[in-house]
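The next block holds one structure in the form of structure tokens; read it before the comments.
The values are calculated or read from the model by the stated rules, or taken from the named source; none is laboratory data. Quantities reported herein were computed from a predicted structural model and do not represent experimental measurements. Methodologically, a virtual Cβ is constructed for each residue, glycine included, from the backbone with ideal geometry; neighbour enumeration extends over all protein chains shown. The protein model used for the area step is the full one, side chains on, heavy atoms only, and it has no ligands, DNA or RNA in it. Shrake-Rupley method; radii C 1.70, N 1.55, O 1.52, S 1.80 Å.
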Amino acid sequence: MAGPQGSDPQFVVECRFSHAAADDPIVHPGVAGASHLHVFFGNTGTDAFSTTESLVGHHNTTCDERRDTAAYWAPALSRGNTPILPVKSTAYYRAGVGVDPAVVQPFPRGLVMIAGSAGAMKAQPVSIVAWSCGTSSDRLAEPPACGVDRGLRLIVTFPDCWDGVHLDTPDHHAHVAYSHLGSCPNGFPVPVPQLQFAVEYPVHGATDGLQLASGGVLTGHADFMNGWDQATLEQEVRLCLHRKVVCGITSGRKSG
């Protein structure tokens, strides 16, 4: 697969930083302040009480695609005790490696997912959680020293196969899985877009003292609640993935 802005069929949404809060409406629904600190993108109303239905009803978003009112969030990054506000996030929606884009189905309305592990004690596979400098195709388990022309990025890749039944499960993982060699595993018959979510930070040079709110730099993860306008999401899948074209690179939303 090409780099994040390569020629693979995909649609891309850029979302500015919205707000930070110690909330997690997936893991700690309805309990404000129960989580480690997260940075939120997309739907500006996301808080501990958010549901996929409430997101659809809240039309304000930081995304360049104004009908993307989904919620995206990741653990906050800091250096020592100093928080580092992210510059933006970029969501790449594409087929999984080797999966035919023409068979990919839109996320069902109401789907929620978590990718990566907040409790990781060792490096996670870079195919799931990685650090990079800007849009470089290099994927590293720990933050690299980036030049002044490319900010540090945390990249989290979500599963791309759905069980076709559950919008969530108690562990927030068991209803989705990763494809392998272009096919979805048994029990997960529905190929969905593989969401690759990248958070960019204004961090250059030395990386000493960096830590995520969930723990060290190895605890990268991200959360997604599908609050898209469903008709628009379906259109993006049809016009971009099914036609095997690239849409929306660097905020230039084009479908063909």
For this session: Return a yes/no flag: does the stretch 231-250 have any residue that is surrounded by 15 or more Cβ atoms within 10 Å (Cβ to Cβ), in a loop (DSSP other than H, G, I, E, B) and modelled with pLDDT under 95.
Result: yes
Exercise. Given the conditions (1) within 26 Å of residue 55 (Cα to Cα); (2) modelled with pLDDT under 95, and given that residue 121 satisfies all but one, which numbered condition is not satisfied?
Worked result: (1)
Seminar exercise, completed: Taking the stretch 24-47 and keeping only residues that are closer than 12 Å to residue 225 by Cβ and not aromatic (Phe, Trp, Tyr), one is left with 24, 25, 26, 27, 29, 42, 43, 45, 46, 47
For this session: Consider residue 35 carefully, then state whether it is more than 26 Å from residue 236 (Cα to Cα), in a loop (DSSP other than H, G, I, E, B) and either open to solvent by 40 Å² or more (accessible area, probe 1.4 Å) or not acidic (Asp, Glu) (or both).
Result: yes
Exercise. Here are 189, 185, 202: which of them is open to solvent by 20 Å² or more (accessible area, probe 1.4 Å), out of contact with any strand residue (DSSP E or B) (no Cβ under 6 Å at 6 or more places or on another chain) and over 23 Å from residue 83 (Cβ atoms)?
Worked result: 189
Exercise. How many residues does the stretch 47-104 contain that are more than 16 Å from the chain's Cα centre (by Cα), open to solvent by less than 10 Å² (accessible area, probe 1.4 Å) and within 15 Å of residue 248 (Cβ to Cβ)?
Worked result: 0
Seminar exercise, completed: Residue hits (the stretch 7-32; open to solvent by 50 Å² or more (accessible area, probe 1.4 Å) and not hydrophobic (A, V, I, L, M, F, W, C)) are 7, 16, 28, 29
Seminar exercise, completed: The one condition residue 66 fails out of (1) over 29 Å from residue 170 (Cα atoms); (2) at pLDDT 95 or above is (2)
Seminar exercise, completed: Note: among 169, 207, just one is within 23 Å of residue 36 (Cβ to Cβ), more than 15 Å from the chain's Cα centre (by Cα), open to solvent by less than 60 Å² (accessible area, probe 1.4 Å) and free of Cβ contacts under 8 Å to residues at least 12 places away in the same chain, namely 169
